[in-house]
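Undergrad: Here it is: the structure, laid out below.
FYI, it's all coordinate maths here, none of it is from the lab. These numbers were taken from a predicted model, which means no experiment stands behind them. Note that each Cβ is placed from the backbone with ideal geometry, even for glycine, and that neighbours are counted across all protein chains shown.
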Amino acid sequence: MTHFTFETTSRPTPADQRKILLEDPKFGRVFTDHMAIIHYSEDKGWHDAKITPRQPLPLDPASTVFHYGQEIFEGMKAYKGRDGKPLLFRPQANAARFAASARRLAMAELPEDLLLDSIRSLLKLDQEWIPTGEGQSLYLRPFMISNEVFLGVKPSHEYLYVLLASPAGAYFSHGCVSVWVTDRYTRAAPGGTGEAKCGGNYASSLVAQMEASANGCDQVLFLDAVEKRYVEEMGGMNIMFVRHDGSVVTPPLNGSILRGVTRDSLLRLGRHMGITMVEEPLVMDEVFAAIEKGDIAEAFACGTAAVVSPIGVFKRESGDVKFGDGNTPGETTMKLRKALESIQRDEAEDPFGWRYRVAL
Ligand code: COI
């Protein structure tokens, strides 16, 4: 069993300054005082687990991550439960996906209990950073990089696991999200790394995200890489549509779509609420036509960071379609969002046992 040692910062953020930072942290810009770090080597396995002050990593420039990109990450959120204690949402699902990503990138697997222990140990020192305002949480970012010093192309024999915590507000700061459908770029091909949560997938999405921004959109939506017809996922989140009969449809997992924990939770929660939840391939042209005819009445983005974010408009080279005035969230979208958030925030029954109390 690997135990964490604790090195606390000599310069903690003063409480009054932290209070100001937590008022409106936005997403991904504010960090807590500490981080978790664990080393891996082939001979020692996972070892030297520490909580340290948050600080730069000393890395040799020949570390393989800089050259061949063995990097994976996760995103999860901590909330404050009604008893004031930290609460996570399905962290075991993130740990399982982290291990699956490691296997795809030929990296060492971090055992689930070590990942959970890193969160528990970090929160022991930094739990005061969990914000409690509407839509706020402490975003947790576990990641792993390869750090063997070697320029040959092969799986590294050494890895570093790091956990950061970042108080965050809503990922999208405004009402409905606008989505650019790219016909030019694809995200993941069959047999590729689409299902893994690796930095490379996000790096390759950025130029398409720039294309989306240049067309006035918040997010990019990718089609399948083979036929360029089927809806896959967006730059950093999955997508769902609501038909006019109230049923919800999302593309099935096909190896190139990320296995979203939020996606899976919504499929199960929606069914529990009596909503018909369908996993079915969706042809983009047909989706545009169905939105125009009113057969598809709502769409939303879903992910850990995005939670459930209503989509107002889709744009594409060939034309645009929007829902109503393009800025009014749909009813089913908001019903699902409320149901999910109420479980995450300890405000409703937890029929699936998804909440995870962190014993500090
Ligand atoms: C998440 O939802 O946690 C993500 O990883 C998306 C993102 C901000 C890259």
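Undergrad: Output the peptides 316-329, 69-82 sorted from most to least packed, where packing is the average of other Cβ atoms within 10 Å over each peptide's residues.
TA: Numbers: 316-329: 14.7, 69-82: 20.1.
Highest mean packing first, the order is 69-82, 316-329.
Undergrad: Considering the Cα trace of the chain, what is its radius of gyration and what is Dmax, both in angstroms?
TA: In Å, with Rg to one decimal and Dmax whole: 20.7, 62.
Undergrad: For the range 179-255, what does the alpha-carbon gyration tensor say about shape, rounded, prolate or oblate, given a ≥ b ≥ c as the root eigenvalues, a/c under 1.5 as rounded, and a/b over b/c as prolate?
TA: Details: a/c = 1.80, a/b = 1.19, b/c = 1.51.
Oblate, because a/c is 1.5 or more while a/b does not exceed b/c.
Undergrad: Which entries of K44/K154; K293/K315; K19/K77; K26/K85; K197/K315; K77/K338 show an alpha-carbon separation above 21 angstrom in the structure shown? Intermediate results must be reported in sequence, preceding the final value.
TA: Numbers: K44/K154 19 Å; K293/K315 16 Å; K19/K77 19 Å; K26/K85 23 Å; K197/K315 26 Å; K77/K338 16 Å.
With Cα atoms farther than 21 Å apart: K26/K85; K197/K315.
Undergrad: Right, something else. Take the alpha carbon gyration tensor of the range 227-309, find the square roots of its eigenvalues, order them as a ≥ b ≥ c, and report rounded if a/c is under 1.5; if not, report prolate when a/b exceeds b/c, else oblate.
TA: Working: a/c = 1.63, a/b = 1.10, b/c = 1.48.
Here the range 227-309 falls in the oblate category.
Undergrad: Ok, one more. How far, in nm, would the chain grow between E317 and S173 when pulled straight, counting 0.36 nm per residue and subtracting the alpha carbon separation? Can you show the working numbers first?
TA: On the way: separation 144, 0.36 × 144 = 51.84 nm, distance 2.60 nm.
Result: 49.2 nm gained on full extension.
Undergrad: Hey, with R₀ at 45 Å, roughly what FRET efficiency would A359 and V226 work out to, going by the Cβ-Cβ distance, to 0.05? It would help to have the intermediate numbers written out before the result.
TA: Details: r = 47 Å, r/R0 = 1.05.
Step by step, r from the Cβ atoms, then E = 0.45.
Undergrad: What Kirkwood radius, in Å to one decimal, follows from the Cα pairs of the range 98-159? Write down the numbers at each step before the final one.
TA: Working: mean 1/r = 0.0710 Å⁻¹.
Result for the range 98-159, one decimal place: 14.1 Å.
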